[in-house]
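Notes follow once the structure below has been shown.
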Amino acid sequence: MELFRQGTAERLAAEAPLAARMRPRTLDEFVGQEHLLAPGKVLRRAIESGELTSLILYGPPGTGKTSLAHVIARHTDSDVEQINAVTAGVAELREVIARAKDRRMLHGRRTILFVDEIHRFNKAQQDVLLPFVEDGTLVLIGATTENPFFEVNATLVSRSRVFRLEPLGEDALRTILDRALTEPDRGLGAFRVEVNEDAMTHLIAVSNGDARIALNALELAAMTAPPDGAGVRRVTLQSIEEAAQRRALVYDRAGDAHYDHISAFIKSMRGSDPDAAVYWMARMLAAGEDARYIARRMVIHASEDVGMADPMALLVATAAAHAVEFVGLPEAQIPMAQAAIYIATAPKSNAVVRAIGSAMSDVEERKADQVPLHLREPGHPLAAKHLGHGRGYKYAHDYAGGFVPQQYLPDSVKDRIYYQPSDAGFEQDIRKRLEGWWKGLKRYTPE
């Protein structure tokens, strides 16, 4: 556990990473999150007035959750205790509470408890902490990359205001990087670093809205660039590519990113955008998502949103799922991409999913009549003779075109229509066929 007091930012050790040294010290230095901290916004008003309640800061890494906690502490003249919910035990929490009590009684100072990964808090930790949050001994500020409404204990959420921090935009990242390049004491100003525009543009792009990644990559590129004859360290596109290595994808297979990415993938296929579908698939595969999960979702989507408009979509998706098992990655990404493109470019119909949905609803909500006698299996000859099983059934192949109208549904739903083919793709042919068979009527009763 670390104890942070007012002025901590100025006293950070010189060997600390650039991202730590450049933490904002005031609200005016804080870059980004204007939806929360612009003048007049509720969080800024609460900080400036000192009327602070417990908070949960929710957002991707590198968006300023920890920095904001320290800025809040400085503005509210409070001491900050920082713990990690994974490593801090009950004994450590009791020590924090004891120090907070002493500050409150002896010095009249408030204590802010900053809890990183607050979604990991267990019941024992919560039981120790909650009474002192409620009586004002501690102001709790939690940080999490997970959706707190799903991942954080409901008792903590109910006692806190939840604020979502967004990934930093390009302008915000550029401001942060420019400040780091010119700041003489905490930044790289004393090293005379120059970054060409191509390198800066690439650094902003590969940082993916994460200031920590941007600053650490800049520091590595700058400090490994030898000074030229004029003593200037020139950072090029190549040095940024070497420092950043690859795009840092924010992705948690058990969290929001998992569901957000698969949602974008499915909606892109449904929206008939093959480029977006392939892009989101590539993002998920690059981030380590289970290829079998992606393949299963394509199989479902092929029936749910294409269905009988193009029955081949299901076969192509199933073949791609088989390829994942038979071939494996990385080669299986090719048939997977083929399936995603096929589904995205196929005609769309949700008639199949509506049909089974309506049928399941009737099964659950309507009277479940017996199977009509003419559809029952006769089995033993006496069943047909004495019980009427199978009596009156018309064998379709005995009639022209292999079709004869008769009632196939039980009486309680005999007039219900579950499958209503659209005008898309192959369903146009199905619609014409059904209209020809049933001649515009819903159902015929057996003769």
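Each reported figure results from applying straightforward, stated rules to the coordinates on display, with no laboratory input. Keep in mind it's a predicted model, so treat the numbers as computed, not measured. Note that we place each Cβ from the backbone using ideal geometry, even for glycine, and neighbour counts take in every protein chain shown.
Applying 1/(1 + (r/R0)^6) with R0 = 56 Å to the Cβ-Cβ distance of LYS394 and ILE334, what FRET efficiency is obtained, to the nearest 0.05? Write down the numbers at each step before the final one.
Numbers: r = 50 Å, r/R0 = 0.89.
Result of the calculation: an efficiency of 0.65.
For the range 370-438, what Kirkwood radius comes out of the mean inverse Cα-Cα distance, in Å?
Result for the range 370-438 stands at 14.3 Å.
Determine the gain in length on full extension of the stretch ARG192-VAL86; use 0.36 nm per residue of separation and subtract their C-alpha separation, reporting nm with one decimal.
Details: separation 106, 0.36 × 106 = 38.16 nm, distance 4.06 nm.
This chain segment gains 34.1 nm when fully extended.
With a cut-off of 8 Å between alpha carbons and a minimum separation of six or more residues, what is the relative contact order of the range 2-164 in percent?
Details: 232 pairs, mean separation 46.5, N = 163.
Computed over the range 2-164, the figure is 29 percent.
Ranked highest first by average number of other Cβ atoms within 10 Å, how do 56-62, 310-316 line up? Present the calculation step by step, with values, prior to reporting the outcome.
Details: 56-62: 22.3, 310-316: 19.3.
Packing proxy ranking, top to bottom: 56-62, 310-316.
Express in nm, to one decimal, how much length is gained between SER263 and ARG161 on full extension, taking 0.36 nm for each residue of separation and deducting their alpha carbon distance.
Gain on extension, SER263 to ARG161, equals 34.0 nm.
Quick check on the range 170-244: what are the equivalent-ellipsoid semi-axes from the Cα gyration tensor, as sqrt(5λ), descending, whole Å?
On the way: eigenvalues 67, 39, 19 Å².
Semi-axes (√(5λ), whole Å): 18, 14, 10.
Can you compute 3J(HN,Hα) from phi for each residue in the range 231-236, using the Karplus curve 6.51 cos²θ - 1.76 cosθ + 1.60 with θ = phi - 60°, rounded to whole Hz and x for Gly and Pro?
Per-residue couplings from phi come out as x, 9, 8, 9, 9, 9 Hz.
Helix 333-345 versus the longest principal axis of the chain: what is the Cα-based angle in degrees, 0 to 90, to the nearest 10?
Its long axis makes an angle of about 60 degrees.
Could you tell me whether the range 256-345 comes out rounded, prolate or oblate from its Cα gyration tensor? Rule is a ≥ b ≥ c as square roots of the eigenvalues, rounded for a/c under 1.5, then prolate if a/b exceeds b/c, otherwise oblate. Please report the intermediate quantities before stating the final value.
Details: a/c = 1.71, a/b = 1.14, b/c = 1.51.
Oblate.
Between the range 265-330 and the range 133-188, what is the separation of their alpha carbon centroids in Å?
35 Å
Order of 426-434, 142-150 by packing, highest average Cβ count within 10 Å first?
The peptides rank, most packed first, as 142-150, 426-434.
Among rounded, prolate and oblate, which fits the range 306-356 when a ≥ b ≥ c are the square roots of the eigenvalues of its C-alpha gyration tensor, a/c under 1.5 means rounded, and a/b larger than b/c means prolate?
Cα axes put the range 306-356 in the prolate bin.
Just to check I understand the Karplus step: with θ = phi - 60° and J = 6.51 cos²θ - 1.76 cosθ + 1.60, what whole-Hz values come out for the range 52-66, glycine and proline as x?
Calculated HN-Hα couplings, in order: 9, 10, 5, 10, 10, 9, 10, x, x, x, x, 9, x, 5, 5 Hz.
Evaluate 2.2 N^0.38 Å with N set to the residue count of the chain, then give the Cα radius of gyration divided by it.
On the way: Rg = 32.0 Å, N = 447, 2.2 N^0.38 = 22.4 Å.
With N residues counted in the chain, Rg over 2.2 N^0.38 Å equals 1.43.
Given the convex hull of the Cα atoms of the range 60-190, what is a quarter of its surface area in nm²?
9.4 nm²
Please turn the phi angles of the range 271-282 into ³J(HN,Hα) values with the Karplus equation 6.51 cos²θ - 1.76 cosθ + 1.60 (θ = phi - 60°), one per residue in order, whole Hz, x for glycine and proline.
For the range 271-282, the Karplus curve yields x, 6, 10, x, 5, 5, 4, 5, 4, 5, 4, 4 Hz.
Largest first, please: the extent of the C-alpha atoms of the range 254-298 along each principal axis, to the nearest Å.
Answer, in whole Å and largest first: 27, 17, 17 Å.
In the structure displayed, which of LYS267/LYS348; LYS394/LYS432; LYS394/LYS414 lie more than 19 Å apart, Cα to Cα?
Listed pairs above 19 Å: LYS394/LYS432.
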